[in-house]
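Below you'll find the structure, written out as structure tokens, and then a few comments.
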Amino acid sequence: MPPIDYKQEILDTVLNSGDLPPESSSPWEHYRRSANDAWNLVVYMERNVARVNHYSKPFDRHMSRLHGMVLANLVGAFERFLKELAVICVNELSEFSLDGRLDEFSLTASIAAAHFNIGSVGNALCEADTWLNRELINKRFRKLLADPFADGRFYVFPMTRQHGGSNDDISRSQLISAIFQLRHTLVHNLGVVTESDAIKLRRILQSSIGGRKVLTPSSRNVRQIKRFLDESSKDINQRLAQRLAELLSLLQQENYLSIDPAAKAQSLATLFGVSVTINGHTASP
């Protein structure tokens, strides 16, 4: 074998990249693009392999592995969606932060320096952290979107009636925890359900789940989880856009922020892809 420059190969891998898609400017549209791209990989493989002769057992085995990778990508797209929503909120509210609304974010000097040239407080605070813990996500957004010098009332994932959630909302929040745990199993354990994973999933799903197993998700499993994440992201996007608009209206009325309500409403409508109203000025995407 000829000698291989592994450093160069790794560098080439890093540099073998392309521009972000046009949808990347909107968190929800970015999620939808990524989720659909991931699912279309399954559809493409199933459709094209069906046209040729193949051995069913190896095909099923390979497709099961592909299903797991696609499922992990779907959850990754959802995590990035939450992160990008937080970036927008931080950037919109960073001017008014003396009440401690940004204190739930941890930022070291080295991370701040790395993001300095971007000029975005939101990117600096949000991009380096993980967003795969339901309680922590609630804590961050609740503080971030609170009224001035008050306890927050907005929950991305309502966990109780006191959080303003219906029975369906609370059930959906529980399922989000299960999906985050599935992602952990797929990414960190290559699909092996450890006894610890099984205990967590039993507690969340209230079902008998054994450990020391390997996940073999089906096409239907992936499709239905994608549908669930699609519905969840749409709901979160709508509720968060409305809450941010309400908060910006309040901050302007109380002279904490000086903004052009019409221009700001149009900016948020474009970012979120939904109609937004700020102090009587409504804009559509």
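The values are calculated or read from the model by the stated rules, or taken from the named source; none is laboratory data. All values reported here derive from a predicted model rather than from experimental measurement. Reconstructed Cβ throughout: ideal geometry from the backbone, glycine too, with neighbour counts over all protein chains shown. Accessible surface areas use protein heavy atoms only, side chains included; no ligands, DNA or RNA. Shrake-Rupley method; radii C 1.70, N 1.55, O 1.52, S 1.80 Å.
Worth pointing out:
- Count of residues meeting criterion [among the hydrophobic types (A, V, I, L, M, F, W, C) and out of contact with any helix residue (DSSP H, G or I) (no Cβ under 9 Å at 6 or more places or on another chain)] in the stretch 174-213: 2
- Filter result for the condition that a residue is at pLDDT 80 or above and more than 21 Å from the chain's Cα centre (by Cα), over 98, 93, 102: 98
- Scanning the stretch 254-264 for any residue that is at pLDDT below 95, among the polar types (S, T, N, Q) and at negative phi turns up at least one such residue.
- Answer residue from the stretch 116-141, given it is open to solvent by 30 Å² or more (accessible area, probe 1.4 Å) and outside any helix (DSSP H, G or I) and is nearest to residue 183 (Cα to Cα) among those: 132
- Flag if residue 224 is modelled with pLDDT of 95 or more and touching a Lys or Arg at 6+ places or on another chain (Cβ under 7 Å): no
- Apart from one condition, residue 56 fits all of (1) among the small types (Gly, Ala, Ser); (2) surrounded by 13 or more Cβ atoms within 10 Å (Cβ to Cβ); (3) at pLDDT below 95; the exception is (2).
- So residue 73, is it within 26 Å of residue 242 (Cα to Cα) and open to solvent by 10 Å² or more (accessible area, probe 1.4 Å): no
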